[in-house]
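For reference, the structure discussed in these notes is given below.
Please treat every number below as a calculation from the coordinates, not as lab data. This structure is a prediction, so every number in the text was calculated from the model and none was measured. FYI the Cβ positions are ideal-geometry reconstructions off the backbone, even for glycines, and counts take in every protein chain you see.
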Amino acid sequence: MNRCQFKQARLTLGLTQQKLADKLKINHFQSISRIERGERKANARTLELLRILLKNDKRYEKGRKIPEMV
């Protein structure tokens, strides 16, 4: 999942950076901002939790492929 896909996933979920950080158990929302700007890579745990959130979210388009972890 690249930085643009990461941000799009957050927007699809309708979450602020702070709320996503809370759901992903990340201490500082600035980490989300850094991932979205490409200054930091999300670790495997963070990406997997984000994929689970997307998979369980009704707003995510049915049939749309959830971005792979890379």
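Modelled label-to-label distance, Gln30 and Ala44, 7 Å Cα→beta-carbon offset: nm?
The two pseudo-label positions are separated by 2.8 nm.
Taking the simple approach of a point 7 Å from Cα along Cα-to-Cβ for both Asn56 and Asn2, what is their distance in nm?
Simple spin-label model gives 2.9 nm for this pair.
Search the structure for amide H atoms under 5 Å from the amide H of Arg40, placed 1.01 Å from N in the peptide plane, and list their residues when 5 or more places away or on another chain.
Ile35
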